[in-house]
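The block underneath contains the structure these notes are about, expressed in structure tokens.
Throughout, read-outs are computed from the coordinates displayed, never taken from laboratory work. As the structure is a computational prediction, the values presented were derived from the model and not from experiment. Here the Cβ is made from the backbone with ideal geometry for all residues, glycine too, and neighbour counts use every protein chain on show.
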Amino acid sequence: MPVTDLTGPGPVRDGAVPKDLPSGNVSSGALSSGLDVLDAPAAPAVPSLLRRAVTKATAPVLALVFVLVAWQLAAVSGLIPRLPSPAAVLAELAGQARGGTLLPALGRSLGRAASGFAASVLVGAPLGLLVYRIGAARTVLAPVLSAFQSLPAAALVPLAVVAFGESERAVYAVVLLGAVPSLAMGVVSAFDQVPVLLRRAGRTMGATGLLAVRHVLVPAALPGLIVALRQGWTFGWRALMTAELITATPLPGVGRILDAGKQQGSFALVLASVALILAIGVLVEAGVFRPVEKRVLRRRGL
């Protein structure tokens, strides 16, 4: 019986080829050309990557433009007396760079921050694990760490100066006292958020002691541990700037430039130092910790 072609104009007899379909030779050529198209290398997704980069950069750029415009308007209107314009602050930074003061001070501050942060991790992470695992340590040390965490860094500088004098050791002592309590309590908080079911499953499978820490606690608490590291860096950077501002170390850093601006009564130098300190903190946050945190969360489907 005839077979009805649902897409054609009428019935199609058995073995007949509709007029609107190509012959066998043409169909083979079309199939070959289609396979050639599939085998052709795909064009690189440069436009999509560029669009994504532009999208990510739009919000920070708009925020920076807004701050600069508001700053310029405040300087022109005289709303804040003696407020220098952004151009004047940038010229002050350029002058410090040409005078050979800015780059050495910046290098010293970054070196101290990196060394102090590494030492804080080596001390604060085991301390947080100790407070988490041992009940007596939590009872005794947790209130002390919380108290030091809430203590301003300016109050730590006199203690360090009296103990170590005006030296590098005093600066590093302030950084450690500022960063270690925050980092340790962040580690405790991250481990506390690990579900009890995971810890029990680890014990059932033989993961106890350091094996449980390595294979159960750390992987499960990894997002919280990254937050603890970022928090430790923030507190350490603030403590370092306070220590450099107050202590007269032989090798001055960015904090001493800020103090020099205060001593000279130079509003432009003070704002230049503050802007530099803020820029370093934002760049480390956005260039180091945020990408790592996003990668960890993305791998976990969060």
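Quick notes on this structure:
- Cα centroid of region 70-141 to Cα centroid of region 245-288, whole Å: 7
- Highest-first arrangement of 267-276, 233-242, 92-101, 291-300, where packing means the average Cβ count within 10 Å: 233-242, 267-276, 92-101, 291-300
- In order along region 265-276, phi translates into HN-Hα couplings of x, 8, 4, 5, 5, 4, 5, 5, 5, 4, 5, 5 Hz, rounded to whole numbers, per the Karplus curve 6.51 cos²θ - 1.76 cosθ + 1.60 with θ = phi - 60° and x for Gly and Pro.
- Here the peptides 58-65, 160-167, 253-260 are ranked by packing, the mean other Cβ count within 10 Å, and the order with the highest first is 253-260, 160-167, 58-65.
- Each residue of region 143-149 is assigned a 3J(HN,Hα), and the resulting list reads x, 5, 5, 5, 5, 5, 5 Hz, derived from the Karplus form 6.51 cos²θ - 1.76 cosθ + 1.60 (θ = phi - 60°), x at Gly and Pro.
- At an R0 of 45 angstrom, the distance between the Cβ atoms of Val196 and Lys56 translates into a FRET efficiency of 0.70.
- Modelled spin-label separation between Ile80 and Lys294, with each label point placed 7 Å from Cα along the Cα-to-Cβ direction: 3.0 nm.
- Each peptide in 106-113, 144-151 receives the mean, over its residues, of other Cβ atoms within 10 Å, and ordering these scores from highest gives 106-113, 144-151.
- For region 53-163: rounded, prolate or oblate by the Cα gyration tensor [a/c cutoff 1.5]: prolate
- Per-residue 3J(HN,Hα) values for region 161-169, derived from phi via the Karplus relation 6.51 cos²θ - 1.76 cosθ + 1.60 with θ = phi - 60°, read 5, 5, 7, 10, x, 7, 8, 5, 4 Hz in sequence order (x marks Gly and Pro).
- Region 104-167 shape via C-alpha gyration tensor axes, a/c threshold 1.5: oblate
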